[in-house]
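The values are calculated or read from the model by the stated rules, or taken from the named source; none is laboratory data. Quick caveat: nothing in here was measured; it's all calculated off a predicted structure. Here Cβ is always computed from backbone atoms with ideal geometry, including for glycine, and neighbour counts include all displayed protein chains. We work out accessible area using only protein heavy atoms, side chains counted, and drop any ligands, DNA or RNA first. Shrake-Rupley method; radii C 1.70, N 1.55, O 1.52, S 1.80 Å.
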Amino acid sequence: MSVRIRPAHTGDLDAARTALGDAGLPVEDLSPTHLAFVAEADDRMVGVIGLESFGVIGLLRSLVVSVSY
């Protein structure tokens, strides 16, 4: 099974909320601008990376990989 890493887009927000919530991470303030990259396998999200930008600096908010993967 191959994994594809791609830039995240607005349509990933609901799946990202689920993945982060399942990992016990807060999602209340999560917005599409926080999503950076998505990992997909078999057309489903298996991982997500969230960043928060501060000018030219980025803060890693989260990195989650599905436990089934």
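Out of all the residues in the stretch 5-26, which are open to solvent by 60 Å² or more (accessible area, probe 1.4 Å) and part of a helix (DSSP H, G or I)?
Thr10, Gly11, Asp14, Arg17, Thr18, Asp22
Mind telling me which of the residues Val38, Val67 ends up being closer than 24 Å to Met1 by Cα and part of a strand (DSSP E or B)?
Exactly one of Val38, Val67 is closer than 24 Å to Met1 by Cα and part of a strand (DSSP E or B), namely Val38.
Given the criterion outside any helix (DSSP H, G or I), in contact (Cβ under 8 Å) with a residue 24 or more places away in the chain and among the polar types (S, T, N, Q), identify the matching residue among Ser53, Ser2.
Only one candidate passes the filter, namely Ser2.
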